[in-house]
Amino acid sequence: MKKVITYGTYDLFHVGHIRLLKRLKALGDYLIVVISTDDFNQIKGKKSFFSYEERKEIVESCKYVDMVIPENRWEQKRMDIINHKVDILGMGDDWAGHFDDLKDICEVIYLKRTENISTTKIKNKLSIITPQRLQELEKSVHNVFDIVKTISEANK
């Protein structure tokens with residue numbers, strides 16, 4: 001059995017994640033996904049929208065995934081690969097070269113990312129929705145309703 005392993009945060013699960021996991025699963029028979037815990041994300045200076053447990057549940061529901069385990073520190077990759085008898089470490093190409101030191105124990109593959117989608121891009125788009133922006137939008141909607149009402153009454 002050929003085992004593949006990958007690492008990530010997997011917050012705001014999207015089509016880019018699905019496509020990556022599908023391609024990783026196609027490389028072998030068994031896919032292990034290692035998800036950064038909330039504590040590890042804090043060390044990395046990241047904040048996830050969903051908790052580790054929620055992200056784990058979401059990823060476990062993906063038909064391409066056979067096992068999900070937690071990532072608690074950068075240095076655990078080597079031991080994960082050895083302990084789980086992994087043949088391939090697969091990562092997005094934004095990590096190209098970062099894990100080449102593991103080529104002595106497994107094949108390391110960097111896969112092209114899905115264009116025009118990332119959790120960071122989604123978070124950036126959502127960040128424009130502030131309480132002040134919502135109030136402005138609400139005021140605009142009320143203004144449109146007032147204009148429509150005035151036009152409608154004038155046409156009676």
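Okay, here's what the table says:
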{"item": "Cross-link pairs K85/K112; K2/K22; K3/K103; K22/K44 - those with Cα-Cα distance over 21 Å", "result": "K85/K112; K22/K44"}
{"item": "Rg ratio (alpha-carbon, reference 2.2 N^0.38 Å) - the range 3-115", "result": "0.98"}
{"item": "For the range 1-103, accessible area per residue (1.4 Å probe, heavy atoms of protein chains only), Å²", "result": "53 Å²"}
{"item": "Cα-based reach from K63 at 16 Å (exclusive), listing aspartates and glutamates while leaving out same-chain residues under 8 positions away", "result": "D29"}
{"item": "Net length gained if the chain between R23 and F49 were fully extended (0.36 nm per residue, minus Cα distance)", "result": "6.8 nm"}
{"item": "Net lengthening on full extension, D38/I82 (0.36 nm per residue, minus Cα-Cα)", "result": "13.4 nm"}
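The values are calculated or read from the model by the stated rules, or taken from the named source; none is laboratory data. In this text, all values refer to a predicted model and were calculated from it rather than measured experimentally. Calculation scope for accessible area: heavy atoms of the full protein, side chains included, ligands and nucleic acids excluded. Shrake-Rupley method; radii C 1.70, N 1.55, O 1.52, S 1.80 Å.
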